[in-house]
Each structure stands twice: as structure tokens, then as C-alpha cells.
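Scroll down for the structure; my scribbles are underneath it.
Please treat every number below as a calculation from the coordinates, not as lab data. Remember, predicted model here, so these are calculated numbers, not experimental data. Here the Cβ is made from the backbone with ideal geometry for all residues, glycine too, and neighbour counts use every protein chain on show.
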Amino acid sequence: MHIVYPAVISALLFSIGVYGVLARRNTILVLMSVELMLNAVNLNLVAFDVWLGDRLHSGQVLTLFVIVIAAAEVGLGLAIVLALYRNRRTVDLDHLRDLAEPADEAPGKPTTPRTTHDQPAASPAPTPPVRSQKTAPGARSAPPTTALRDTPGPGPDQSDEPDQVAVEDGQSGERPVKRGGTR
């Protein structure tokens with residue numbers, strides 16, 4: 001067999017895979033295009049192994065390694081895609097750029113915190129003024145209404161961290177902490 005035929009087919013497969021990675025916006029199609037490129041590499045490895053007549057069959061051994069790595073890549077890639085779909089309800093790559101830097105901000109400029117449509121900006125709730133209770137001379141004062149914590153640190157109504165609450169569809173959202181009293 002002449003080496004030109006598998007090399008041309010491999011080049012075509014690799015080109016189709018590169019086109020799929022660059023032109024498609026669907027995450028599953030991008031993963032399939034990466035697999036197509038890996039199969040083009042496998043075809044080249046086996047073709048050159050046969051053409052060179054290697055006694056150790058190094059090309060075929062490398063092909064097995066590439067197949068194992070491709071299987072692991074597919075498993076991990078599909079797990080990531082499923083997790084993204086559960087959280088965002090889309091697999092479109094253009095909508096999955098929340099961590100990308102905005103185009104109008106330069107890398108050196110200070111940025112203002114942004115919020116997504118899923119999480120509203122948490123504004124700190126105003127703290128109620130402390131009221132002093134006047135007691136009659138000789139009368140006992142009322143016990144405090146908030147329970148003391150055994151662990152050091154801010155009390156239950158002094159925390160600035162948002163609570164994690166369960167939302168009906170299984171996702172977790174953030175809610176600002178209520179000040180004063182129970183949560």
C-alpha cells in the first residue's frame with residue numbers, strides 16, 4: 001500500500017475536525033470534532049508504522065495510548081457538558097463565557113463586581129439601632145433575647161456571609177442574612 005492514500009484521508013479528517021472546533025458553537029459537536037482529529041492522528045500512526053515496517057510496532061502502541069486518552073477525554077468532557085447543562089440549561093459555547101473578561105475593560109484597570117441574572121447583588125441590610133431598656137431601681141433586668149454561641153467569632157446576627165438556600169429546581173441560590181432575631 002502506498003503511504004499517500006492514508007495520509008490524504010488523515011489530512012481531510014483532521015481538517016474537518018479543525019473546522020468543527022472553530023466553527024461550531026455546540027459543545028457536543030466540538031467534542032466530536034476533537035475526536036475526529038484524534039482519529040486522524042491514529043490513522044497516520046498506523047499507516048506510517050506499516051509503511052516503515054517497524055518491528056516493535058511503535059505506531060500501533062501509540063495508537064492504543066491515544067485511544068485510551070480519547071476515551072478519558074470523552075468521559076470527562078461529557079461530564080462537564082452535563083454539569084453545565086444542568087446549571088445553565090444550554091450547551092452553546094457563546095453563553096458559557098461568564099468567567100471571560102469583558103471586552104470593554106483592560107487587564108490593568110480595576111473592575112467593578114458584576115452580577116449574573118441568577119444571583120442578585122447582595123446588599124447589606126441595615127442594622128437596627130440598639131435600644132436601651134430602663135429598669136426601675138431594684139428590679140431585675142430581662143435576659144438577652146439572642147442565644148450565646150460556644151464558638152468564638154461573630155454572632156448569628158453579625159455575619160456578613162450570605163446563606164445558602166435550596167431553590168425548587170435543585171440549584172442553590174444566595175440570600176442575604178436577616179439582621180436581628182432568628183433567620
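Scanning region 35-79 for residues that are charged (D, E, K, R) and either within 22 Å of the chain's Cα centre (by Cα) or assigned to a helix (DSSP H, G or I) (or both) yields a total of 3. Identify the residue in region 80-99 that is surrounded by 11 or more Cβ atoms within 10 Å (Cβ to Cβ) and either without any contact (Cβ under 8 Å) to a residue 40 or more places away in the chain or more than 22 Å from Ala23 (Cβ to Cβ) (or both) and, among all such residues, is nearest to the chain's Cα centre (by Cα). The qualifying residue nearest to the chain's Cα centre (by Cα) is Ile80. Cβ separations smaller than 6 Å between residues 6+ apart or across chains give the following pairs from region 17-30 residues that are touching a residue at least 12 places away in the same chain (Cβ under 8 Å) and exposed (fewer than 14 other Cβ atoms within 10 Å of the Cβ) to residues that are assigned to a helix (DSSP H, G or I) and not polar (S, T, N, Q): Arg25/Leu93; Arg25/Asp94.
Within region 4-26, the residues that satisfy the criterion of being touching a Ser or Thr at 6+ places or on another chain (Cβ under 8 Å), part of a helix (DSSP H, G or I) and not hydrophobic (A, V, I, L, M, F, W, C) are Gly17, Tyr19, Gly20. Close contacts from region 37-61, counting a first residue that is surrounded by fewer than 17 Cβ atoms within 10 Å (Cβ to Cβ) and a second that is outside any helix (DSSP H, G or I), with Cβ to Cβ under 8 Å and a gap of 6+ residues or different chains, come to Phe48/Ile3; Val50/Met1; Trp51/Met1; Trp51/Ile3.
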